[in-house]
Amino acid sequence: MSAFDLAAARQSIGWVTGAGGLIGHHLVQTAPRFAPAWNVCGLTRVQLDLLDFARVRQEFQEQRPQLIIHCAAMSRSPECQAKPELARQINVDVTALLAELAADIPLVFFSTDLVFDGKSGGYHEPSPVNPLSVYAETKVAAEKIVLANPRHLVIRTSLNAGTSPTGDRAFNEQMRLAWQRGERLRLFTDEFRSPIPAAVTARATWELINEKETGLFHVAGRERSSRYEIGKRIAVRRPELLPQIEPASCKDFQNPPRPPDTTLNCMKAQSVLSFQLPAFSEWLRDHPNELI
């Protein structure tokens, strides 16, 4: 056996579901740098249909992963509203299965700032949740399942930016596609989030795993930004698309109601991490060649 094979044999297998998505992709890509002890197996829907519970059980028994990072989800709110049963199957039932299989190993589950109703902003981990959409409801239900096991970790995050394998998962990619179609984007001036690059979310996740953290953590950017402000910052990077933006109000959006301010307080995670979670505007300034 070669030295490489010996090193690989000593590594523990880690599953990353949703590896074809934004955060999952970045977790797989950054693993060699931030998690060299793990032999990371990125799972896409083509490789393993998570709704095929028998197959998932079989693969788990055969591969015996020592870590599961669960990124796969039905994450677009309008689709969840239109197909609530499917949203529950994918976001809750699949999570419950993985939590069962991972009863004796670490499981990391990604949740969302949208579990809050947005009436105050600056939410801490213990802040009461009040989901306003089917998507958020499924995330709250899944959180409870995961947090029932003290070995497991839930990471709530916000809008993530970056490059995904399909080119349409990040909010900046969705804006680019709309501008390529010649669309004018109506972006809310009164809906606030905590945007963060997916690469930063991935690094923070690996550090929390390496530190063997469990329970609930918020991981997001440290800057409160409206959708309109975020859009203007992205538009500056794509002048060749002649990006069109106009201000709008989330009060005019009724189906379902939108939480106006779901910004997250991330001091708990910040106290563990070796680096400072960035303000999105500062990150864009310091990385001029990314998100283009």
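Every read-out reported here was derived from the displayed coordinates using simple, explicitly stated rules and does not represent laboratory data. These figures come from a predicted structure and were not determined experimentally.
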For Gln244, list long-range residues whose amide hydrogen, built 1.01 Å from N in the peptide plane, is under 5 Å from its own amide hydrogen. Leu185
Could you list, bin by bin from short to long, the percent of Cα-Cα pairs of segment 190-292 in 10 Å steps? 14, 38, 32, 15, 2
Quickly estimate the mean residue ellipticity at 222 nm for the chain, helices only: each DSSP H run with n ≥ 4 gives -39500 (n - 2.57), and the total goes over all residues, rounded to 500. -10500 deg cm²/dmol
Inter-centroid distance (Cα atoms) of segment 54-97 relative to segment 205-265, Å: 24
Cα radius of gyration and Dmax for the chain (Å): 18.9, 65
Checked segment 7-83 against the a/c 1.5 cut and the a/b vs b/c comparison, axes a ≥ b ≥ c from its Cα gyration tensor; verdict oblate
The chain: Lys pairs at Cα distance under 23 angstrom, eight or more positions apart or on different chains: 12
Treat segment 52-207 as a sphere of radius equal to its Kirkwood radius over Cα pairs and apply Stokes-Einstein at 20 °C in a medium of 1.002 mPa s; give the translational diffusion coefficient in µm²/s, rounded to a whole number. 125
Scan around Leu43 for amide H atoms under 5 Å from its own, H built in the peptide plane at 1.01 Å from N, and keep only partners 5 or more places away or cross-chain. Val16, Thr17, Gly18, Ala19
